[in-house]
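K.L.:
Right, I'll just put the structure down here and ask away after.
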Amino acid sequence: MDGSDVILLDVWVSVFGARVRVALAEKGVKYEYREVNLGDKSPLLLQMNPVHKKIPVLIHNGRSICESNVIVQYIDDAWHANSPPLLPSDPHLRAQARFWADFIDKKMYDGGIKIWKTRGEDGEEAAKKEFMDVLKVLEGQLGEKPYLVGESFGFADIALIPFSFWFYTLNKVANMNIEKDCPKLADWVKRCMDRESVSKSLPHPHEFYERAMERSKQKGQ
Ligand code: GS8
């Protein structure tokens, strides 16, 4: 399939966009990457995601797919002939993978943002504790396993791994040491980063930090 059939509307430092980039790389799908300006949304973005008006959006043969975890599952279905499968074939493991991806969706983004917003203020300690509790649950799910569900890298790992580029920023602005407190998670991050599909699809943690600080200065926060 020619790359022009697949277009990704994205923002490089988006954790949600990064999920889709990892999935496309895992499946070896060629695509056209289009960086979107969220401050001035293009007619294409509004047309392709009229409900949420958010990135990432995957456009495949002119039709759009929205919501990162839905897109990752679509990629697994549409390119099922390309290995590796992103969702396990066993129904129970499939359900588990979806459960953890959903847990990550419900907890990680809001938890991290809360720390960022309360940094240096009342509420920071509570936000840190809340986020740490979530990481500890994930640490427990990892246990002695190499990946979150089953024995291989897949859907749940793809849902979580982009958040690892936030860790450096959270450690720095909120005086945390996520790697020390969650050693299994830290090892899992390293294991995932050994995959080219992951390392090439994620911004460097320092780049994310610089961008976050710049944006915060601009907004006066
Ligand atoms: C979230 C996408 C999202 O928040 C998903 O794809 O999983 N549940 C969705 N996208 C943000 C950029 S990343 O922070 C976005 O496009 N925001 C634009 C806006 O809110 O106007």
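Read-outs: derived from the displayed coordinates by stated rules, not from any lab. Worth saying up front: this structure is predicted, and the values here are computed from it rather than measured. We place every Cβ from the backbone using ideal geometry, glycine too, and count neighbours over all the protein chains shown.
K.L.:
With each label point set 7 Å from Cα along the Cα-Cβ vector, what nm distance links His204 and Leu38?
P.N.:
The modelled label-to-label distance comes out at 2.3 nm.
K.L.:
Moving to a separate point now. What are the ³J(HN,Hα) couplings of segment 212-219, residue after residue, when phi is run through the Karplus curve with 6.51, -1.76, 1.60 and θ = phi - 60°? Round to Hz, x for glycine and proline.
P.N.:
3J(HN,Hα) across segment 212-219, in whole Hz: 5, 5, 4, 5, 5, 5, 4, 7.
K.L.:
Moving to a separate point now. What's the whole-number percent of alpha carbon pairs in the chain lying beyond 25 angstrom?
P.N.:
40
K.L.:
What does the extension gain come out to for Val11 and Gln47, with contour length at 0.36 nm per residue minus their alpha carbon separation?
P.N.:
Stretched out fully, the Val11 to Gln47 stretch lengthens by 11.2 nm.
K.L.:
Would you kindly derive the ³J(HN,Hα) couplings of segment 43-50 from the backbone phi angles with the Karplus curve 6.51 cos²θ - 1.76 cosθ + 1.60 (θ = phi - 60°), listing them in order in whole Hz, with x for Gly and Pro?
P.N.:
Taking θ as phi minus 60°, the curve returns x, 5, 4, 5, 6, 7, 9, x Hz for segment 43-50.
K.L.:
Work out, step by step, the length gained on full extension between Lys184 and Ala95: first 0.36 nm times the residue separation, then minus their alpha carbon distance; give nm to one decimal.
P.N.:
29.7 nm
K.L.:
Tally Lys and Arg at +1 and Asp and Glu at -1 over the other residues with C-beta under 14 Å from the C-beta of Ala101: what net charge comes out?
P.N.:
0
K.L.:
Which ordering of Trp116, Trp188, Trp79 is given by a fewest-first count of other beta-carbon atoms within 10 Å?
P.N.:
Fewest-to-most Cβ neighbours within 10 Å comes out as Trp116, Trp79, Trp188.
K.L.:
Now a separate question. Using just the Cα positions, wrap segment 7-66 in a convex hull and report its mean projected area in square nanometres, one decimal place.
P.N.:
One quarter of the hull surface, i.e. the mean projection, equals 3.9 nm².
K.L.:
Just list whichever of Lys41/Lys172; Lys27/Lys145; Lys107/Lys145; Lys27/Lys136; Lys30/Lys136 have alpha carbons separated by over 26 Å in the model shown.
P.N.:
Check vs 26 Å cut-off fails for Lys41/Lys172; Lys27/Lys136; Lys30/Lys136.
K.L.:
Remind me, relative contact order of the chain in percent, using alpha carbon pairs under 8 angstrom and six or more residues apart?
P.N.:
The value is 21 percent.
K.L.:
Once you list every other residue whose beta carbon is under 11 Å from the beta carbon of Asp157, what net charge do they have if Lys and Arg are +1 and Asp and Glu are -1?
P.N.:
+3
K.L.:
Give me D for segment 91-219 in µm² s⁻¹, whole number, from Stokes-Einstein with Rh from the Kirkwood sum over alpha-carbon pairs, 10 °C and 1.306 mPa s.
P.N.:
104
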